[in-house]
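Below: one structure, written as structure tokens.
Just so it is clear, none of the values below were taken in a lab; they were calculated from the coordinates. In this text the structure is predicted, and so the values were computed from the model without any measurement. Please note: Cβ atoms are built from the backbone with ideal geometry, for glycine as well, and neighbour counts cover all protein chains shown.
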Amino acid sequence: MTGKNNLKAACQGCRDGAALDFDISMAFQPIFDVQTGRPWAFEALVRGPQAQSAWSILEKVSAENRYSFDQRCRVVAIERAVKAGILDTDARLSINFLPNAVYSPKACIQLTLRTAEIWSFPTSRLMFEFTENEKMGDTAHVRSIIDSYKEMGFTIALDDFGSGYSGLNLLSEFQTDVIKLDMELVRNIDRSMPRQMIVESMVALCKRMGIAVIAEGIETEAEYRFVRDMGIDLIQGYLLAKPGFEMLPELQWMEPQPVPLRQAS
């Protein structure tokens, strides 16, 4: 695609976000604050209109439609979250985005801002996630997106941190507000000394840098207790709640509180 055609496709996607030949919807998975037991955020996860898998949608995304797809995901995430009742909570709405589908940070955000205004959703509660796994051809461009989004009051998260070789390099290039530890790092962490040492080091590093840490993919009580005892308060995973199609799931499991000893009379 030439530069001129690239700009035309980007502008068309940013203008209306509707130039797709397939429909999408969203599922939502909570990120819980274990200190309160309440959702800190709901992550919007793309699905088909009848709850088809994310993969069935993502395989349709191409270089030609990625701008429109990225814009449509933002619009649908806000619409479906508000309809599901997110305004009755104080949780953030976390939206995954493609840095390579953001041609100009301030221009491409306009449809998102208009949608938030239409649905009365505070933009201060928007969080944007991008993944370490996406090819970063231009780190300066990604840095400009992060800086622009921060100026606009959004929360920025780096997803799947630790899943590839570039995580620490990316963290040295730009600092997000949040990192989400890749689920492979926390899988069976209670039984893996190397994982424990790596995650402990990451948590300590992020604490020094003022970056919040989310442990994602928590599926067992042992994993939950281990990351909690490491000082990670933000947790996401099937143990606590699975994604709900066009709905906001509630907390499914909470660690039992110890029964207080009865005072002798």
Whole-Hz ³J(HN,Hα) from phi, Karplus 6.51 cos²θ - 1.76 cosθ + 1.60, for the range 228-237, glycine and proline x = 5, 5, 7, x, 8, 9, 9, 9, 9, x
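What fraction of the DSSP beta bridges in the range 3-245 is antiparallel, stated in percent and rounded to the nearest 5?
So the antiparallel bridges in the range 3-245 amount to around 35 percent.
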Which distance in nm do the two modelled labels at Glu221 and Ser120 give, with both placed 7 Å along the Cα-to-Cβ direction?
-> 4.2 nm
Calculated FRET efficiency for the pair Asp90/Gln110, C-beta based, R₀ 30 Å, to 0.05 = 0.70
Under the classification rounded if a/c is under 1.5, otherwise prolate if a/b is larger than b/c and oblate if not, where does the range 3-245 fall, given a ≥ b ≥ c as square roots of the Cα gyration tensor eigenvalues?
-> prolate
What shape does the range 52-116 take by its C-alpha gyration tensor, where a ≥ b ≥ c are the square roots of the eigenvalues and a/c under 1.5 counts as rounded, a/b above b/c as prolate, and the rest as oblate?
-> oblate
Along Cα→Cβ, 7 Å out, is where each label goes; now give me the distance between the ones at Ala63 and Glu250 in nm to one decimal.
-> 4.9 nm
Between Met197 and Asn169, what is the spin-label point distance in nm, taking each point 7 Å from the Cα along the Cα→C-beta axis?
-> 2.4 nm
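Given Cβ point charges of +1 (Lys, Arg) and -1 (Asp, Glu) and nothing else, what value in debye, to the nearest 20, does the dipole of the range 3-245 about its Cα centre take?
Its charge dipole is roughly 460 debye.
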Treating the beta-carbon of each Lys and Arg as +1 and of each Asp and Glu as -1, no other charges, what is the dipole magnitude of the range 62-190 about its Cα centre, to the nearest 20 debye?
-> 460 debye
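Let me check I've understood the local charge: for Ser94, count other residues with C-beta under 12 angstrom from its C-beta, Lys and Arg +1, Asp and Glu -1. What total comes out?
Its environment carries a net charge of -1.
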Amide H neighbours of Asn96 under 5 Å, counting only residues 5+ apart in sequence or on other chains, H built in-plane at 1.01 Å?
-> Ala44, Glu129
Centroid-to-centroid separation of the range 184-217 and the range 221-237 [C-alpha atoms, Å] | 10 Å
